[in-house]
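Enquirer: Mind looking over this structure? Questions follow.
The values are calculated or read from the model by the stated rules, or taken from the named source; none is laboratory data. All figures in this text were calculated on a predicted structure; none of them were measured in a lab. Because the Cβ atoms are built from the backbone with ideal geometry, glycine has one as well, and the counts that use them run over all protein chains shown.
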Amino acid sequence: MWRTTTKGARRLSRTALVGIVTLVIGACVAATRQPDPAGTVCTESKDRLGDSGAVVVNMENNPALPDFITSRVFAPSEVAANVGQVIEFTNVDPDEEHTAELNSGACGTDYLDFDASDGLVFKVPGSYPFYCLVHGTTMSGTITIGP
Ligand SMILES: [Cu+2]
């Protein structure tokens with residue numbers, strides 16, 4: 001009888017553990033990027049940084065506000081580009097790391113330290129909201145891709 005109870009308790013705690021692990025893994029998966037490995041919508045690459053036709057976007061501390069207020073922005077936050085054109089993101093903020101990540105998770109830049117750059121290139125016209133994985137939706141914008 002005692003043994004059965006212990007086994008039952010063990011089984012119960014094992015089930016609870018599996019449940020907790022599943023929940024934690026599920027939460028992590030939901031919070032991370034769902035990549036577009038085939039690059040059907042967009043691709044991330046540093047290969048064409050400095051292209052003469054690149055659209056340049058800075059990641060910076062909002063210049064409209066005093067320094068002691070940390071308000072990070074994309075400049076510009078409304079980004080217009082065409083299919084195949086490089087959108088070049090550069091972190092010009094000496095104090096914080098930034099990324100540019102599509103809300104859909106299809107693609108995004110690397111985590112960029114001060115003075116580092118990364119590029120996104122789109123294959124499909126459309127409107128793509130994006131944000132910074134470090135600063136969340138307080139640092140966000142929209143990329144509009146024309147044909
Ligand atoms: Cu940021």
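Enquirer: Kindly indicate whether A106 is under 21 Å from G39 (Cα atoms), surrounded by 13 or more Cβ atoms within 10 Å (Cβ to Cβ), touching a residue at least 40 places away in the same chain (Cβ under 8 Å) and in contact with a Pro (Cβ under 8 Å, 6 or more places away or on another chain).
Expert: yes
Enquirer: I145 versus (1) part of a loop (DSSP other than H, G, I, E, B); (2) away from the ligand (no atom under 16 Å from the Cβ): which is the lone unmet condition?
Expert: Looking at each condition in turn, I145 falls short on (1).
Enquirer: Does the stretch 109-127 hold any residues that are surrounded by 14 or more Cβ atoms within 10 Å (Cβ to Cβ) and either within 15 Å of the ligand (Cβ to nearest atom) or over 18 Å from S45 (Cα atoms) (or both), and which are they?
Expert: T109, D110, Y111, L112, F114, A116, S117, D118
Enquirer: Select, from E96, E60, the only residue that is assigned to a loop (DSSP other than H, G, I, E, B), near the ligand (Cβ under 10 Å from one of its atoms), touching a residue at least 24 places away in the same chain (Cβ under 8 Å) and surrounded by 15 or more Cβ atoms within 10 Å (Cβ to Cβ).
Expert: On the way: E60 fails: assigned to a loop (DSSP other than H, G, I, E, B).
Criteria check complete, one pass: E96.
Enquirer: Can you tell me which condition G39 does not meet? The list is (1) modelled with pLDDT under 95; (2) surrounded by 11 or more Cβ atoms within 10 Å (Cβ to Cβ); (3) in contact with a Phe, Trp or Tyr (Cβ under 9 Å, 6 or more places away or on another chain), and all the others hold.
Expert: (3)
Enquirer: Kindly indicate whether T137 is exposed (fewer than 14 other Cβ atoms within 10 Å of the Cβ) and among the hydroxyl-bearing types (S, T, Y). Can you show your working first?
Expert: Working: exposed (fewer than 14 other Cβ atoms within 10 Å of the Cβ): yes; among the hydroxyl-bearing types (S, T, Y): yes.
Yes.
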